[in-house]
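Contents: one structure, followed by commentary.
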Amino acid sequence: MSDDHELDYSGEGTLVCRGKEIAVEVKIKGYFQPLNGFYTWYGRIDKNDALDALLAGRRTVAVFITPEGRAECLVGDPDFWDRYRISGTSRPPYHIPTTLEEVEAIAESEHHS
């Protein structure tokens, strides 16, 4: 997940867990799994001292909110750099293209970049 152009969402959000709202920065990628019909999204939350103080390395269920939507998620264990994993299976909390026209417009804009 090193190149932002490969991400589905990179930016600000709010994580609601254990009765608290914490502003976070995330990098998320997702994909549609045609075998089960689910959209799965996953990524990392940038190092966040408030989140680490609240979770102390433990997993939890939360709600992730972006300016584009909200979704239930799992906040997993932190990695060596104290970035917690975030994942969900459902409509993601950000816009994904749902029409052929949107997909073609994205491909066209990336081709001209």
Could you run through region 69-107 and say how many residues are without any contact (Cβ under 8 Å) to a residue 40 or more places away in the chain, in a loop (DSSP other than H, G, I, E, B) and at negative phi?
-> 8
Complete set of residues in region 60-88 that are open to solvent by 80 Å² or more (accessible area, probe 1.4 Å) and not aromatic (F, W, Y) | V61, P67, E68, R70, E72, R83, R85
For region 35-56, what are the residues that are of a type in the set (D, E, K, R) and over 23 Å from D8 (Cα atoms)?
-> D49, D52
Region 25-46, residues that are without any contact (Cβ under 8 Å) to a residue 40 or more places away in the chain and open to solvent by 60 Å² or more (accessible area, probe 1.4 Å) = E25, K27, K29, Y31, F32, P34, L35, N36
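Test I22 against the criterion of being β-branched (V, I, T), surrounded by 12 or more Cβ atoms within 10 Å (Cβ to Cβ), under 19 Å from W81 (Cβ atoms) and within 11 Å of the chain's Cα centre (by Cα), and give yes or no.
no
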So D49, is it out of contact with any Ser or Thr (no Cβ under 8 Å at 6 or more places or on another chain), surrounded by fewer than 15 Cβ atoms within 10 Å (Cβ to Cβ) and either of a type in the set (D, E) or within 17 Å of P93 (Cβ to Cβ) (or both) = yes
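The values are calculated or read from the model by the stated rules, or taken from the named source; none is laboratory data. Everything quoted here is computed from the prediction, not taken from an experiment. Counting neighbours? That spans all protein chains shown, and the Cβs are built from the backbone with ideal geometry, glycine included. Remember, those area values only see protein heavy atoms, side chains included, never the ligands or the DNA or RNA. Shrake-Rupley method; radii C 1.70, N 1.55, O 1.52, S 1.80 Å.
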